Amino acid sequence: MTQVASLTSSTSRHALPLLFSGQSQKEFTVNEALARLDLLVHPAIEEELAVPPSAPSAGDCYIVGASATDEWAGHDASLAGWDGTQWTFVEARDGMTVRRLSDGTLLQYSEGWQSYSAPLDPDGGSTIDVEARTAISELISLLKAFGIFS
């Protein structure tokens, strides 16, 4: 599904192929759309790689790293999903969010994939409020646990 026969019309956001009246072999168009949707609905990635893994499992998804090679060449920053037979690619768009499965970190696309680092725990200062520091530290810990901060 990585090489779609020239589709004459597609959706504007994620280039999902659209059926057209009288189209023969509609299953190819529908299957391509379903493969892309499978990547986009609740996206979770294994990791970011520039070279396709040698033995992916069906359902594995990756962010294609910079200067990608082999089957991933030309798909930098895209999501790549393995369906057991071939790779399906979805181009990243600003605002897209994925979860990295290895550590639960959320990554967001804004002209490149980014994660957010946690602020440091409060330290120093002339007036020390122990309760406020404790509350801030607990909030940071919860946001880390939720995957907001790496």
Mind listing whichever residues of region 5-63 are under 24 Å from residue 113 (Cα atoms), in contact with an Asp or Glu (Cβ under 9 Å, 6 or more places away or on another chain) and not assigned by TED's automatic domain parsing to the domain that holds residue 103? 14, 15, 16
Search region 48-89 for residues being charged (D, E, K, R), assigned to a loop (DSSP other than H, G, I, E, B) and within 21 Å of residue 31 (Cβ to Cβ), and hand back the single one that is farthest from the chain's Cα centre (by Cα). 83
The correct count of residues that are assigned to a helix (DSSP H, G or I) and of a type in the set (D, E, K, R) in region 30-47 is 3
If you take the residues of region 99-118 that are charged (D, E, K, R) and farther than 18 Å from residue 39 by Cα, which of them is modelled with the lowest pLDDT? 103
So which residues in region 20-70 are touching a strand residue (DSSP E or B) at 6+ places or on another chain (Cβ under 7 Å) and β-branched (Val, Ile, Thr)? 29, 45, 63, 64
Candidates 81, 104 - the one that is in contact (Cβ under 8 Å) with a residue 24 or more places away in the chain and touching a Gly at 6+ places or on another chain (Cβ under 7 Å): 104
In region 26-47, which residue that is within 16 Å of the chain's Cα centre (by Cα) and small (Gly, Ala, Ser) is modelled with the highest pLDDT? 44
Would you mention how many residues in region 90-112 are assigned to a strand (DSSP E or B), surrounded by 14 or more Cβ atoms within 10 Å (Cβ to Cβ) and of a type outside the set (Phe, Trp, Tyr)? 7
Selection over region 1-22 where residues are at pLDDT 75 or above and farther than 16 Å from residue 88 by Cβ yields a count of 6
Starting from region 60-78, keep only residues that are surrounded by 15 or more Cβ atoms within 10 Å (Cβ to Cβ), then list their pairs with residues that are of a type in the set (Asp, Glu) whose Cβ atoms are within a distance under 6 Å, requiring at least 6 positions of separation or different chains. 60/46; 62/46; 63/48; 64/76; 65/48; 68/76; 78/91
Considering residues of region 117-150 that are charged (D, E, K, R) and in a helix (DSSP H, G or I) only, the residue surrounded by the fewest Cβ atoms within 10 Å (Cβ to Cβ): 131
Filter pass, residue 100 being basic (Lys, Arg) and more than 30 Å from residue 140 (Cβ to Cβ): no
Need the failing condition index for residue 27 against (1) in contact with a Pro (Cβ under 9 Å, 6 or more places away or on another chain); (2) outside any loop (DSSP other than H, G, I, E, B); (3) exposed (fewer than 15 other Cβ atoms within 10 Å of the Cβ), just the number. (1)
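The values are calculated or read from the model by the stated rules, or taken from the named source; none is laboratory data. In this text, all values refer to a predicted model and were calculated from it rather than measured experimentally. Every residue, glycine among them, receives a Cβ derived from its backbone with ideal geometry; neighbour counts consider all protein chains shown.
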